[in-house]
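As structure tokens, the structure follows; a few thoughts come after it.
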Amino acid sequence: MILKKLFAPTDMTEGAPWKGIVSFTLPMLIGNIAQQLYSTVDSIVVGKYVGDNALAAVGSAVPIVNLLLVLFIGISTGAGVMVAQYFGARNREGLSHTIGNCITITAVSCVFLMIVATPLVRPLLEILNTPETIIDDCADYLIISLIGILGLAYYNILSGVIRGMGDSFSALLYLIVATVINIVLDIYFVAGLNMGVAGVAIATVVAQIVSSVLSLLRLSRMVEYFDFGISFLKPEKSYIKKIIELGLPSGLTQAIFSSAMIIVQSLTNQFGEQFIASNVIIMRVDGFAMMPNFSFGMALTTYAGQNVGAGLYDRVKKGAKQGTLIAFGCSAVITFIILLFGKKLMGAFTEVESTAEMSYYLMKILAAGYLAVAVTQSLSGIMRGSGDTMTPMWISLITTVIIRVPIAYGISYLTRTPELPVGRYECIQISLLLSWVIGAVLTVIFYRLGKWETKAIK
């Protein structure tokens, strides 16, 4: 009985909003922590067994991998919003066609990326001023990730569909299984077989394929809520168009964010291998600091979608307020813990004390920004779940392209001296902090304007 309840989809249109949001968020929070272990274990194993240069290679590859995933983030967001609203409206036909079309366009997108992007890996790394000492490892990591992109794409998309129907526990379970596989294979390939960065990439690909297969099997057993068959895989213009309309802004948001990261990465690379390695460490710890923010954002997307589908707009606003306050509180606690034990955390990734100290110093600059992101993610989740995916995209465009990139390069330029030919390396973290704070202010303003209340799927 308990297991059946855990795996059953959650109807978030009833009961106290905060209870439904928290109970739905907890499995996702644990799942996000497990997912962060993917990259964290990769970094620890590489940093300890191969060295800081290999750690820098993995870190330099991450922004490019994120950019390659924009198609799937768009599909996942669009499908997730449609699934949540159709589920809330009890629309079986709409739910069935949405899921089937989502599976089809994901397959097409994966094949397209594998064919088009793989030959561009090395030229792109050269354009980004990737140091010669790490460019080969970085290229290996990216090519292996592209070859195995089907697993990553399908896990993210299918788990998003499952969450849209209110089942966050299954996605957690499959992610934990995949994380354990990833950790074991990481240690075996890198520490045991001395495969270096390539071993880390292969371990991650294998683990992602396992999680995607488990997600597909789970979806095939949820036939009491929708029809799952070959006939629903046939592309239908109306559903694909709606998925793209809803998902494109989120995909573009990720594209903008990843492009900004790549542009900033080009600046980061100019500060040398130690600074690159420090940034990798920061990104890993940063991932844990962001966990409550992303988890509550996804939960509030599903919450808003189901309640908008049921026409319960007052309930959406009540949940938005409660969810944002809880997310803010959780983020404050985690940020405090990271600051308190930060230096020891940084030391787990490297044997070089100066790299750990640099990482901790830079992490302290970002600390206050995590509270701002809690607000941004929560209210953006409400807007996306309601069908307004454009507003978060424009806010992301403003904060990354107009604010973050110019500030990073501006500080770098203005602080150049004969001793610091590239300028102060703090410019990377300062620009990110300012973009987070301004993004939170803009998100609150646009949420209060209420445009999101008119965007439900007709």
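The values are calculated or read from the model by the stated rules, or taken from the named source; none is laboratory data. Since we're looking at a predicted model, the values are computed, not measured. Accessible surface is based on the protein model in full, side chains and every heavy atom, while ligands, DNA and RNA are left aside. Shrake-Rupley method; radii C 1.70, N 1.55, O 1.52, S 1.80 Å.
General observations
- Computed from phi, the 3J(HN,Hα) profile of the range 201-211 under the Karplus parametrisation 6.51, -1.76, 1.60 (θ = phi - 60°) reads 5, 5, 4, 5, 4, 4, 5, 5, 5, 4, 5 Hz, with x in place of Gly and Pro.
- Residue-wise HN-Hα couplings along the range 285-300, as the Karplus relation 6.51 cos²θ - 1.76 cosθ + 1.60 with θ = phi - 60° gives them from phi, are 5, 4, x, 6, 5, 7, 3, x, 5, 5, 5, 5, x, 5, 4, 6 Hz; Gly and Pro carry x.
- Measuring only protein heavy atoms, the 1.4 Å probe finds L434 accessible over about 70 Å².
- Excluding ligands, DNA and RNA, the accessible surface per residue across the chain is 41 Å² with a 1.4 Å probe.
- Rounded to the nearest 10 degrees, the inclination of helix 149-164 to the longest alpha-carbon principal axis of the chain is 40 degrees.
- Ellipticity estimate at 222 nm from DSSP helix runs (n ≥ 4, -39,500 (n - 2.57)) divided over the chain, nearest 500: -27000 deg cm²/dmol
- Apolar share of the accessible surface for the range 349-438: 70 percent from carbon plus sulfur atoms, 1.4 Å probe.
- Per residue convex hull volume, Cα atoms of the range 203-304, in Å³: 175
- Rounded tilt (10° steps) of 70-88 against the dominant C-alpha axis of the chain: 30
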